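**Q** Can you keep this structure in mind? I'll have questions shortly.
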Ligand SMILES: CC(C)(COP(=O)(O)OP(=O)(O)OC[C@H]1O[C@@H](n2cnc3c(N)ncnc32)[C@H](O)[C@@H]1OP(=O)(O)O)[C@@H](O)C(=O)NCCC(=O)NCCS
């Protein structure tokens, strides 16, 4: 899946250095509910153990070939929030040097196309910590609406003190 600027592809062991460079930033992981990476070895282990599945994709910047973020869908049973058996929840992050350039919005549109037309997901959900409005803006730009529901995700880093706002893709 690609646009002129980015490619969504599987993570590779050779992405460990760039994953560490960007995921060690304390402004990235904690906003999404996971701790900043502390070593290249940890990033390699994450690639092998956490990203090694059908639903986690690297956002590659075509110009450099570097992985600058992640985009994915969580199926039923893996999602952070309660969803239906044929639904998915989407999630993402982008490296800080690339924020506010439309990259996440572009990547999420690719992922939504895949979820709807390849997975045939019934409903598509997403969520963000109340204090992370930039993520909600990405959702809105891609056609999600705020359901008004909040959820407590105690398995997320910070999930004990802050709830997530739940969004749903408005489908025609
Ligand atoms: C949220 C995140 C993925 C957005 O990535 P991005 O590539 O910068 O997103 P885009 O450029 O496509 O869109 C960002 C939008 O948020 C807006 N925005 C940025 N900061 C904002 C803020 N504090 N409040 C409200 N909107 C904000 C931008 O203006 C832009 O909207 P616009 O196009 O209408 O101007 C990125 O900031 C990130 O990785 N953050 C840390 C991890 C994270 O939060 N992941 C999501 C967990 S739910």
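Readers should treat all values here as calculations from the given coordinates under stated rules, not as data from a laboratory. Just so you know, these numbers come straight off a predicted model, no measurement behind them. Here Cβ is always computed from backbone atoms with ideal geometry, including for glycine, and neighbour counts include all displayed protein chains.
**Q** Grab the Cα-Cα distance for residue 53 and residue 101, subtract it from 0.36 nm times how many residues apart they are, and report the gain in nm with one decimal.
**A** Separation in residues times 0.36 nm, less the Cα-Cα distance, equals 14.5 nm.
**Q** In Å and from the alpha-carbon atoms only, list the Rg and Dmax of the chain.
**A** In Å, with Rg to one decimal and Dmax whole: 15.1, 45.
**Q** Just to confirm my numbers, what's the Cα centroid distance between the stretch 101-134 and the stretch 143-164 in Å?
**A** With the stretch 101-134 and the stretch 143-164 each reduced to a Cα centre, they are spaced 16 Å.
**Q** Okay, helix-only estimate at 222 nm for the chain: each DSSP H run of n ≥ 4 adds -39500 (n - 2.57), divide by all residues, round to 500 deg cm²/dmol; what do you get?
**A** -7500 deg cm²/dmol
**Q** Calculate the spin-label point distance for residue 113 paired with residue 24, positioning each point 7 Å from the Cα along the beta-carbon direction, and give it in nanometres.
**A** Taking the simple label geometry, residue 24 and residue 113 are separated by 3.5 nm.
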